[in-house]
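Just below is one structure, and these are the notes that go with it.
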Amino acid sequence: MSISLETRALTVNFGGHVAVNQVSCAFRPGTLTAIVGPNGAGKTTYFNLISGQLPASGGEVLLNGESLTRHGAAARARGGLGRAFQLTNLFPRLSVLENVRLVLQARHRTGLRLLTTWFSQRHLVEEAGDILEQISLAARRDTPASALSHGDQRKLEVGLLLAMQPQVFMFDEPTAGMSHDEAPVILELIARIQARRDKTILLVEHKMDVVERLADRVIVLNHGQLVADGAPAAVMRLRVVQEAYLGAEVAAEEAA
């Protein structure tokens, strides 16, 4: 299957610190790739470079072979990159339904007029309602986004991604801050997207049980460099990964 997303020697410097260093990696449709590594390894920074929140110091980002390197975050989103953040990124004063409807309006290019009558946008309202059913928020459709719990806000953000219908889904610690009862809803949504096998999914995650459950592939960053890439079971057995992710002392104990 052809490559959908690729980074070539992607690099960013902050002063004298190289946060992401010459990372080259290709991603294909139908694959969920988990990006793991210790705190400060450059995982979220790598995401920011791909999605356009940060300009690169060097290297390229390509989608379907076309360079996005000079494009900002909005242009990359329109091109097919969908990003969910560690912190929710919603319209706080609008209702749950209106949040989703606005994204649908943008995708269908019907304009962003908030005063447009519901009747004239009935098909969008119905589509938004279907998405709210998928994310288990149909009962909260008229609730302002700011009044939702943190877990429900995370679910709504995934709903916005579903409304965008991107080619590439990017999830940055999607269950961070969620309760034990809330997290499975998000993981099931990601699993459903994965099961279609037509989208490219990138997942930054610290919870290894989530990685083991969902990942087709694991790449490991440490000190901004790509240090491992492969099947989850094989990658997690590598000593370099255990030292980077679990700590040198744990790796030594397991090797003993």
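The values are calculated or read from the model by the stated rules, or taken from the named source; none is laboratory data. Because the structure is a prediction, the values reported are computed rather than measured. No Cβ is skipped: glycine too gets one built from the backbone with ideal geometry, and neighbour counts run over all protein chains shown.
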Restricting to segment 62-99, count the residues that are part of a loop (DSSP other than H, G, I, E, B) and hydrophobic (A, V, I, L, M, F, W, C).
6
Can you tell me how many residues within segment 123-144 are more than 12 Å from LYS155 (Cα to Cα) and part of a helix (DSSP H, G or I)?
9
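For every residue, the table says whether it meets (1) within 24 Å of MET236 (Cα to Cα); (2) among the aromatic types (Phe, Trp, Tyr); (3) modelled with pLDDT of 95 or more; (4) touching a helix residue (DSSP H, G or I) at 6+ places or on another chain (Cβ under 7 Å).
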{"site": "THR7", "(1), (2), (3), (4)": "yes, no, yes, yes"}
{"site": "THR11", "(1), (2), (3), (4)": "no, no, yes, no"}
{"site": "GLY15", "(1), (2), (3), (4)": "no, no, no, no"}
{"site": "GLY37", "(1), (2), (3), (4)": "yes, no, no, yes"}
{"site": "TYR46", "(1), (2), (3), (4)": "yes, yes, yes, no"}
{"site": "ILE50", "(1), (2), (3), (4)": "no, no, yes, no"}
{"site": "LEU62", "(1), (2), (3), (4)": "no, no, yes, no"}
Tell me, please, whether a residue that is surrounded by fewer than 16 Cβ atoms within 10 Å (Cβ to Cβ), hydroxyl-bearing (Ser, Thr, Tyr) and modelled with pLDDT of 90 or more can be found in segment 65-77.
yes
Within segment 28-39, of all residues that are assigned to a loop (DSSP other than H, G, I, E, B) and either hydrophobic (A, V, I, L, M, F, W, C) or in contact (Cβ under 8 Å) with a residue 40 or more places away in the chain (or both), the one surrounded by the most Cβ atoms within 10 Å (Cβ to Cβ) is GLY37
Being among the hydrophobic types (A, V, I, L, M, F, W, C), free of Cβ contacts under 8 Å to residues at least 40 places away in the same chain and part of a strand (DSSP E or B) is the filter here, so list the residues in segment 1-27 that pass it.
PHE14, ALA26
Which condition from (1) surrounded by fewer than 19 Cβ atoms within 10 Å (Cβ to Cβ); (2) in a helix (DSSP H, G or I); (3) modelled with pLDDT under 90 is the one that MET236 breaks?
(1)
May I ask you to list the residues in segment 41-61 that are more than 18 Å from ASN89 (Cβ to Cβ), without any contact (Cβ under 8 Å) to a residue 60 or more places away in the chain and part of a loop (DSSP other than H, G, I, E, B)?
PRO55, ALA56, SER57
Does segment 121-139 include one or more residues that are under 30 Å from THR11 (Cβ atoms), buried (at least 19 other Cβ atoms within 10 Å of the Cβ) and of a type in the set (Gly, Ala, Ser)?
no
Can you find even one residue in segment 207-225 that is over 24 Å from LEU148 (Cα atoms), touching a strand residue (DSSP E or B) at 6+ places or on another chain (Cβ under 6 Å) and charged (D, E, K, R)?
yes
Please go through segment 194-224 and give me each residue that is surrounded by 15 or more Cβ atoms within 10 Å (Cβ to Cβ), over 21 Å from THR175 (Cα atoms) and under 20 Å from the mean Cα position of the chain (by Cα), ordered by number.
ASN222, GLY224
